[in-house]
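The values are calculated or read from the model by the stated rules, or taken from the named source; none is laboratory data. Because the structure is predicted, anything quoted here is derived from the model rather than measured. Cβ atoms come from the backbone with ideal geometry, glycine included; neighbour counts cover every protein chain shown. In case anyone asks, the SASA skips ligands and DNA or RNA and just uses the protein heavy atoms, side chains included. Shrake-Rupley method; radii C 1.70, N 1.55, O 1.52, S 1.80 Å.
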Amino acid sequence: MTISKFIKSNDVAVIGIPINAGQPRQGVEKGPAKLIEFGLLNQLEEMGWKTHHTSNEALVAKLKPKEDPDVMNLKQPKWVSAVTKTISEQVRTHAMDGKFVLTLGGDHSLGLASVSGVFAAYPDACLIWVDAHSDINTPASSPSGNIHGCPIAFLTGIAEDHPDFRWVKPCLDAQRLVYIGLRDIDDGEKKIIKDKKIKAFSMHHVDKWGIGKVVDMALDHVNPNRDLPIHLSFDVDALDPSVAPSTGTPVRGGLTFREGHYICETLAETGLLVSTDIVEVNPDLVDETAAFQTIQVGCSLARCCLGESLL
């Protein structure tokens, strides 16, 4: 079963990136294992996919440095850098092999790994970033120093030179990036988005035009001829907290269950989707019911990206 003209087989590489170092809350590192524990691999296999799973739990633990002081305002930069650099090569290898790549997080700093790996295999790809936050702070503009708010700045090459992230090649043209679902953006990020003329659809636009038109407009901008590979990076905090409550930085007024799934289904239907991130599922937050609900939603979004639809 193949859903993309760029995917050569029915193989999906499911890569866990159980990292929490890009933000301050414990628990998000358990997200990938919980998604697997809930039966994601079996669900994909029942859909006709052949799964290749790498948990990376031992790798992430092994790469943790003894000391990791703040550098240029960023917290735990050595650990985040080591993990994302190593796993970006895993992503690249699987993408080059023609597999669909599904990365499970972990916090959104893992975008450094997934996007750089996918774009090494597909240099002409475009990126659709579904998130309440724009994650485009530079080290200097970041109010918190948490790296999960900075990956886009490094991937586009607009971040200041940082000794721990020189391995990140500026692989992403700002005009090949589009945001959907924004509603909590720092002032420094607003300026960057405006100065770089990055296409961004906030929840205001979703309310104004509806999710169908927003997705069409997003694709018209980054993939006008519908012929380029697409990487989707989906932060579950793009969804309203009533839908996905167990996440580290929830913001009210987000996407509904159906709007989130519509995005994934529609991108799968293009026949261009080559890879997806499902990130920021934190099963330790709120309570057990909320965690279960959020894990369910994460699995459901992943299935939609790999071809599941209502009919």
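Quick notes
- Filtered residues of region 136-189 (kept if within 20 Å of residue 201 (Cβ to Cβ), assigned to a loop (DSSP other than H, G, I, E, B) and touching a residue at least 60 places away in the same chain (Cβ under 8 Å)): 136, 183, 184
- Checked against the criterion of being of a type in the set (Asp, Glu), touching a residue at least 12 places away in the same chain (Cβ under 8 Å) and farther than 23 Å from residue 124 by Cα, region 264-280 contains one or more residues that satisfy it.
- Restricting attention to region 230-247, the residues being surrounded by fewer than 24 Cβ atoms within 10 Å (Cβ to Cβ), of a type outside the set (A, V, I, L, M) and touching a residue at least 24 places away in the same chain (Cβ under 8 Å) number 1.
- Close Cβ contacts (under 8 Å, 6 or more residues apart or on different chains) running from residues in region 293-310 that are closer than 17 Å to residue 229 by Cα and open to solvent by less than 60 Å² (accessible area, probe 1.4 Å) to residues that are at pLDDT below 95 and not in a helix (DSSP H, G or I) comprise 306/3; 307/1; 307/3.
- Whenever a residue of region 113-132 is open to solvent by 10 Å² or more (accessible area, probe 1.4 Å), its partners that are at pLDDT 95 or above and of a type in the set (Ser, Thr, Tyr), lying with C-beta atoms within less than 9 angstrom and at least six residues away or across chains, give the pairs 116/84; 116/88; 120/88; 121/93; 121/275; 122/275.
- Residue match in region 31-43 (condition: of a type in the set (D, E, K, R), open to solvent by less than 50 Å² (accessible area, probe 1.4 Å), within 21 Å of residue 282 (Cα to Cα) and under 19 Å from the mean Cα position of the chain (by Cα)): no
- Exactly one residue out of 176, 166, 183 is open to solvent by 30 Å² or more (accessible area, probe 1.4 Å), of a type in the set (D, E, K, R) and in contact with a Gly (Cβ under 8 Å, 6 or more places away or on another chain): that is 183.
- Residue in region 272-289 that is modelled with the highest pLDDT, counting only those that are of a type in the set (A, V, I, L, M) and either on the phi > 0 side of the Ramachandran plot or open to solvent by 10 Å² or more (accessible area, probe 1.4 Å) (or both): 285
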